[in-house]
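Asks: Dumping the structure here so I can ask a few things about it.
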Amino acid sequence: MTTIAGSTVSCARVPQPRLLVVLLHGYGMQAGDLLPFASVLPPEAACCFPQAAIPLDDGGWTWWPVDRRLREASLRAGPRDLHDTHPPGREAARAQVAAVCRELRARHPGLPLLLGGFSQGGMLACETVLHGDCEPQGLALLSASRIAFDEWQPLGHRLRGLPVLQAHGESDGNVSHAAAVALRGFLEAAGAQVDWLSFDGGHGLPLPVWRRMKRFAQALLAPSAGD
């Protein structure tokens, strides 16, 4: 673990990176949970996994405050579409992510950036791009949903032409597959270049997702000196 722009992060460094990757963990997770997946991505990718700033009682972390009782009650009702929720603390979370991205770009000027996240982290990644706090060359939304959609809709122009990998489990018991389909519709209507993966599974990151993620990341690599 180290610190970048005031945030605790887990990083997988490479000698001569050709791509910066910032991936945001989901609710109840921590930075190191995603670190093993760095080995699945292209070896030229310098991967950074920031940790959310808000601790939970069980040792996990969250990007914005969540009422656990309301969350559990919501989950008992079935998989969710969070498009009409307006989580508090999103501005601070966006600022944290943007600061990490700026610092990485300052350390590695000229390299493309892939920003993404799983579940709550994916929602934050999309939120950060839509509000103009970060302008990556690629966006990965893994098991994510729309949030504050009334705010997102007029900002969709910031997605125009952006390559977006979107992956979602067909039997996701947390964020509904229908919510992912609705998110895909928004992305496509905004003009994003969507690479869609609907996989047989639940709320997780199985091998097919990381295989597609590797292919997606490879397409964003900066040219090497020998190219």
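Just so you know, all these numbers are worked out from the coordinates, no wet-lab data involved. Quantities reported herein were computed from a predicted structural model and do not represent experimental measurements. Every residue, glycine among them, receives a Cβ derived from its backbone with ideal geometry; neighbour counts consider all protein chains shown.
Asks: Residue by residue, what Karplus-based ³J(HN,Hα) values in Hz, rounded to whole numbers, does the stretch 77-89 have, using 6.51, -1.76 and 1.60 with θ = phi - 60° and x for Gly and Pro?
Replies: With coefficients 6.51, -1.76 and 1.60, one gets 7, x, x, 10, 10, 9, 4, 9, 8, 10, x, x, x Hz.
Asks: Where does the chain land at 222 nm, in deg cm²/dmol rounded to the nearest 500, when only DSSP H runs of n ≥ 4 count, each adding -39500 (n - 2.57), divided by all residues?
Replies: Working: 6 runs with 67 residues, N = 227.
Counting only the DSSP helices, I get -9000 deg cm²/dmol.
Asks: Now a separate question. Fewest to most neighbouring Cβ within 10 Å: what's the order for 62, 8, 3, 85?
Replies: 3, 85, 8, 62
Asks: On C-alpha positions alone, give me the angle between the axis of helix 207-218 and the longest principal axis of the chain, in degrees, nearest 10.
Replies: So the inclination is approximately 40 degrees.
Asks: Mind checking the stretch 96-161 for trypsin sites (Lys or Arg not before Pro) that DSSP puts in a loop (not H, G, I, E or B) and that have at most 11 other Cβ atoms within 10 Å?
Replies: 160
Asks: A follow-up question, please. Mind jotting down the distance between the C-alpha centroids of the stretch 17-33 and the stretch 153-227, whole Å?
Replies: 16
Asks: While we're here: Would you please state which residues of the stretch 85-103 a label at residue 151 would reach in this model, taking the label point 7 Å out along Cα→Cβ and a backbone N cut-off of under 16 Å?
Replies: Counting only backbone N, you get 85-98.
Asks: So how strong a dipole does the chain carry about its Cα centre when Lys and Arg Cβ are +1 and Asp and Glu Cβ are -1, to the nearest 20 debye?
Replies: 420
Asks: Of all DSSP beta bridges in the chain, what percent run antiparallel (nearest 5)?
Replies: 30
Asks: Got a sec? How would 147, 4, 54 order by Cβ neighbour count within 10 Å, fewest to most?
Replies: Ranked by crowding around the Cβ, least crowded first: 54, 4, 147.
Asks: Let me ask you something else. Provide the net charge surrounding residue 49, with neighbours chosen by a C-beta distance below 15 Å and charges set as Lys +1, Arg +1, Asp -1, Glu -1.
Replies: -1
Asks: For 123, 213, 29, 1, which order do you get if you count the other beta carbons within 10 Å of each Cβ and list the fewest first?
Replies: Details: 123 30, 213 26, 29 22, 1 12.
So the residues, fewest neighbours to most, are 1, 29, 213, 123.
Asks: What is the distance, in nm, between label points placed 7 Å from the Cα along the Cα-to-Cβ direction at residue 58 and at residue 40?
Replies: It works out to 2.2 nm between the two label points.
Asks: Taking 0.36 nm per residue of separation and subtracting the Cα-Cα distance, what length does fully extending residue 188 through residue 214 add?
Replies: 7.2 nm
Asks: Could you calculate the contour length gain from residue 177 to residue 158, that is, 0.36 nm times the residue separation minus the distance between their Cα atoms, to one decimal place in nm?
Replies: Using 0.36 nm per residue and subtracting the Cα-Cα distance, I get 4.4 nm.
Asks: While we're here: Between residue 13 and residue 200, what is the spin-label point distance in nm, taking each point 7 Å from the Cα along the Cα→C-beta axis?
Replies: 4.3
Asks: What FRET efficiency, computed as 1/(1 + (r/R0)^6) with R0 = 35 Å and r the Cβ-Cβ distance, is obtained for residue 1 and residue 70, rounded to the nearest 0.05?
Replies: Efficiency computed from Cβ-Cβ geometry: 0.65.
Asks: Can you order the peptides 114-121, 21-28 by their average number of other Cβ atoms within 10 Å per residue, highest first?
Replies: Descending mean neighbour count gives 114-121, 21-28.
Asks: Give the label of the value calculated from the structure for Cα extents along the principal axes in Å, choosing from [x] 61, 41, 33; [y] 53, 40, 37; [z] 55, 37, 33.
Replies: [z]
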